[in-house]
1. Report, by residue number, each residue of segment 98-141 that is open to solvent by 70 Å² or more (accessible area, probe 1.4 Å) and of a type in the set (A, V, I, L, M, F, W, C).
2. Please find, within segment 135-169, the residue that is nearest to the chain's Cα centre (by Cα) out of those that are within 20 Å of Val97 (Cα to Cα), modelled with pLDDT under 85 and of a type outside the set (D, E, K, R).
3. Checking Gln81 against (1) farther than 30 Å from Gly156 by Cβ; (2) open to solvent by 50 Å² or more (accessible area, probe 1.4 Å), which test does it fail?
4. Confirm whether Asp124 is in contact (Cβ under 8 Å) with a residue 24 or more places away in the chain and farther than 30 Å from Asp10 by Cβ.
5. Would you say Ser79 is at pLDDT below 80, assigned to a helix (DSSP H, G or I) and out of contact with any Pro (no Cβ under 6 Å at 6 or more places or on another chain)?
6. Evaluate segment 86-100: report whether one residue or more is more than 23 Å from Ile143 (Cα to Cα), within 18 Å of the chain's Cα centre (by Cα) and part of a loop (DSSP other than H, G, I, E, B).
7. Output yes when any residue across segment 63-75 is over 29 Å from Ile93 (Cα atoms), loosely packed, with under 12 Cβ neighbours inside 10 Å, more than 13 Å from the chain's Cα centre (by Cα) and modelled with pLDDT under 80, and no when none is.
8. Collect the residues in segment 153-169 that are surrounded by fewer than 16 Cβ atoms within 10 Å (Cβ to Cβ) and not in a loop (DSSP other than H, G, I, E, B), keeping them in residue-number order.
Amino acid sequence: MDDWFKFSTDESLSTIITVIGIYITLIMVTRLNGKRSFSKISRFDIAMTVSIGSVLATVIVSKSMTLQYAILGLVIIYSLQMLVVAIRHWKPIQSLVDNKPTFLMKNGQLLRDNLKKCKVTESDVKAKLREANVIRLSEVKAIIFESTGDISILHGTDDKLIDDWIVDF
């Protein structure tokens, strides 16, 4: 308990230098990797973000990991993400990495089994409908639980149909 309140100038300086070094490295590898670095696109992207957070937390608060190892870890994580992004155009890799969208409502019918499977409540759906400025259920063509966890509302007048390409999943 007494260790919590000890202050060491050397350890404080070491922490400051480590945080600055990690911050600069994080900016550099994020710029090299592009905007996708912190997007919420797939399970893989979420896992990558958690991995980065773990490396950052460990190097900042632990004396067991040096700045050099943390930089190496970040570079490897980003390199793996760039590799997966490059090969995920192949169907087997894509199905392994990406979640598939799920219809929550289709052709005017709320799909209750899909709501349960996606752990989405009717209240969630109603909130999204209000967000999308839907005032009549008859306007709703489809509600989709996206691979990112977002809910999309496709709506319009009765005479407009959804292009098959948009819901080809």
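1. Ile135, Leu137
2. So in segment 135-169, the residues within 20 Å of Val97 (Cα to Cα) come out as 144-151, 167-169.
Checking the rest, the ones that are also modelled with pLDDT under 85 come to 147-149, 168-169.
Going one step further and asking which of them are of a type outside the set (D, E, K, R), we end up with 147-149, 169.
Working: Ser147: 9, Thr148: 6, Gly149: 8, Phe169: 19 Å.
Out of the qualifying residues, it is Thr148.
3. Answer for Gln81: the failing condition is (2).
4. Spelling it out, Asp124 is indeed in contact (Cβ under 8 Å) with a residue 24 or more places away in the chain and farther than 30 Å from Asp10 by Cβ.
5. Answer is no for this residue.
6. For segment 86-100, residues more than 23 Å from Ile143 (Cα to Cα), within 18 Å of the chain's Cα centre (by Cα) and part of a loop (DSSP other than H, G, I, E, B): present.
7. yes
8. Across segment 153-169, the qualifying residues are Asp164, Trp165, Ile166, Val167.
The values are calculated or read from the model by the stated rules, or taken from the named source; none is laboratory data. Everything numeric here is computed off the predicted structure, so don't read it as measured data. All Cβ positions, glycine included, derive from the backbone under ideal geometry; neighbour counts span all protein chains shown. To get the accessible areas, we keep the full protein, side chains included, count just its heavy atoms, and leave off ligands, DNA and RNA. Shrake-Rupley method; radii C 1.70, N 1.55, O 1.52, S 1.80 Å.
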